[in-house]
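Here the structure comes first, spelled out in structure tokens, and everything after it is commentary.
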Amino acid sequence: SIESLPDAYQVHTKISRPWKYRAGQYVYLCVPRASYSAFLQSHPYMVAWWYPYDKDQDIVVFIIQRQKGFTQSLPTSSNLSQSTELRAIIEGPYGKEIHLDEYGTVLLFATGIGIAGQLPYVRQLLENFHNYDAKARRIVLFWQVDSEEHLQWVGQWMTDLLEQDSEYVLDIRLFVTGNYITNGAEHVNYRGLDVENLIRSEIEGRKGRSVISREQVREAVRQMLDKDIHLKELPFHPL
């Protein structure tokens, strides 16, 4: 099914074959009914979320930001108002996981649709922590969006993760740079990410070895890196 969101879609796809879901995975997605030429096109998207459908099938979720071409054709071709069902063809999964379980402090940065690449790491780290398979004692997710409405893209999943965090190791910090709705919502910062200062404030009180994950923070943190502070960059950037 396809759920319409502000400037994006959530595409929920039933998976009929066994698949071990891991952070860092992406697939090539084709939705033949999206347009006349769509059956000839496939586009790479991160697996942003997954959940069981029944005892034999799971559902994986992709967040697709509205752009020109394929993504613009999704709502008109299916005549959707809120949700609809379409047949999809998936090739994959591809991608190499970044191993973060060995670090005591994990800082993850995302802007816009980049949250699709980072949220699975938060989920996986939290699950591994509860199963005693991860050393993380502090997980911080920083997410910056251009519009406050974009927080709806993954809002429910973030709520689910915080509810599962019985040991309070997870901290989610949201930053909105424009198109404000409330301009006073709790836990929302109405300014842009100051990456360097945010990292410094976290590193000063860090727990164990630290790792920083984001698409492009190398210049901001280059001088902070040492044997106990590492930078990991996603090998594939969400579209």
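Just so you know, all these numbers are worked out from the coordinates, no wet-lab data involved. In this text the structure is predicted, and so the values were computed from the model without any measurement. For neighbour counting, all protein chains shown are included, and Cβ atoms are generated from backbone atoms with ideal geometry for every residue, glycine included.
Of note:
- Packing rank of 138-145, 170-177, 96-103, 48-55, where each peptide gets the mean count of other beta carbons within 10 Å, highest leading: 138-145, 170-177, 96-103, 48-55
- Difference of contour (0.36 nm per residue) and Cα-Cα distance, I89 to E233: 49.0 nm
- Pairs from the list K14/K135; K55/K135; K14/K96; K55/K232 with a Cα-Cα gap above 30 Å: K14/K135; K55/K135; K55/K232.
- Across region 92-126, the residues whose backbone nitrogen lies under 19 Å from the label position 7 Å along the beta-carbon direction of Y28 are 92-96.
- Distance in nm between pseudo-label sites at D146 and E102 (7 Å out along the Cβ direction from Cα): 3.8 nm
- Of the peptides 105-113, 128-136, the ranking by mean beta-carbon count within 10 Å, highest at the top, reads 105-113, 128-136.
- Dividing the convex hull volume of the alpha-carbon atoms in region 105-232 by its residue count gives 106 Å³ per residue.
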